[in-house]
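Report on the structure given below.
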Amino acid sequence: ADASGPGGAVFFGTEAVFADEPVLAAIDLPQGSWQIAARPRDGWEAKAPSPWPLRLVFAAAALAVVGAFQLQARTVRAVALAEERAAGAKRQRASLLEAAPDAMLLVDSDGRIAQVNSHAVELFGFPASELVGSTLEKLVPDEHRARHVGLRTQYVAEPRVLQVGSTLDMLALRRGGESFPAEISLGPVETEEGLFVAASVRDVSARRRAEEELRQHRDELERRVAERTRELTAAKEAAEAAN
């Protein structure tokens, strides 16, 4: 209306045509400009969009899902393989521990028992389920635990093989609370799971009793020899005095 161009009011036709993406034509006259807007009577024909962008999106999503599944499958296989290797190594260590003639305990760097053999179960009186997972100090008398923790920490810091000639003599504790002298040999074991310490424990109560009996017997012999020597000396002196 009034040749006012796009800013003017619609004076003929339907105003909604301007909101439906019409074809526009401008008519410029000396007194101003007019606009004509046109569209098909029944509206624009619906045109389906190209399917390729959607197909590309679906393909990318499918690739992402397949990649995620493959990554998950590889992760699961890697975890399963690692668990299988760990289980195989554990079975091998269990066989080695079981073949040992003494009680054997495999202890981790934190002092927790990871594996034991049947000799250890028999020696300490605890079932394997109670030993595995507990600290090594469970098998040490109360009065020696603080010292044992210090020795264990020192050994983990500088692990080395302690041969039979340099074994540690300590007191160990049975399930019923009975303590007994034990001879302990240690050796580091490097595994994929970290550092472990193999501890061989031997009950030396019988040996200590035999040693004590031998010492007492030796002391008794020495006492008798000394007494007999004094008697002979006294007899010799008496004979010399009589002469």
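The values are calculated or read from the model by the stated rules, or taken from the named source; none is laboratory data. Keep in mind it's a predicted model, so treat the numbers as computed, not measured. Positions of Cβ are generated from backbone atoms using ideal geometry, with glycine treated the same way; all protein chains shown enter the neighbour counts. The area values use the complete protein model at the heavy-atom level, side chains included, leaving out ligands, DNA and RNA. Shrake-Rupley method; radii C 1.70, N 1.55, O 1.52, S 1.80 Å.
Is it fair to say VAL76 is without any contact (Cβ under 8 Å) to a residue 60 or more places away in the chain, under 30 Å from GLU192 (Cβ atoms) and either assigned to a loop (DSSP other than H, G, I, E, B) or not hydroxyl-bearing (Ser, Thr, Tyr) (or both)? Yes, satisfied. Of the residues in the range 5-18, none is at pLDDT below 80, outside any strand (DSSP E or B) and either open to solvent by 100 Å² or more (accessible area, probe 1.4 Å) or in contact with a strand residue (DSSP E or B) (Cβ under 9 Å, 6 or more places away or on another chain) (or both). Within the range 101-110, can one find any residue that is part of a loop (DSSP other than H, G, I, E, B), open to solvent by 100 Å² or more (accessible area, probe 1.4 Å) and under 30 Å from GLU158 (Cα atoms)? Scanning the range 101-110 turns up at least one residue that is part of a loop (DSSP other than H, G, I, E, B), open to solvent by 100 Å² or more (accessible area, probe 1.4 Å) and under 30 Å from GLU158 (Cα atoms). Only one entry in PRO51, PRO40 is farther than 30 Å from GLU192 by Cα and loosely packed, with under 10 Cβ neighbours inside 10 Å, namely PRO51.
Residue pairs whose Cβ atoms lie under 6 Å apart, separated by 6 or more positions or on different chains, with the first residue in the range 170-183 and open to solvent by less than 50 Å² (accessible area, probe 1.4 Å) and the second polar (S, T, N, Q) and assigned to a loop (DSSP other than H, G, I, E, B), are GLU183/THR167. Of the residues making up the range 69-84, none is among the β-branched types (Val, Ile, Thr) and at pLDDT below 80. Of the residues GLU137, GLU143, the single one that is surrounded by fewer than 10 Cβ atoms within 10 Å (Cβ to Cβ), in a helix (DSSP H, G or I) and of a type in the set (D, E, K, R) is GLU143.
I'd like to check something: does the range 157-171 contain any residue that is closer than 19 Å to GLU190 by Cα and in a helix (DSSP H, G or I)? Yes; the residues of the range 157-171 include at least one that is closer than 19 Å to GLU190 by Cα and in a helix (DSSP H, G or I). Consider HIS217 against the criteria (1) in a helix (DSSP H, G or I); (2) within 31 Å of the chain's Cα centre (by Cα); (3) not charged (D, E, K, R): it satisfies all of them except one. Which criterion is unmet? For HIS217, the failing item is (2). Regarding the range 30-47, can at least one residue be identified that is more than 30 Å from ALA16 (Cβ to Cβ) and among the small types (Gly, Ala, Ser)? Scanning the range 30-47 turns up no residue that is more than 30 Å from ALA16 (Cβ to Cβ) and among the small types (Gly, Ala, Ser).
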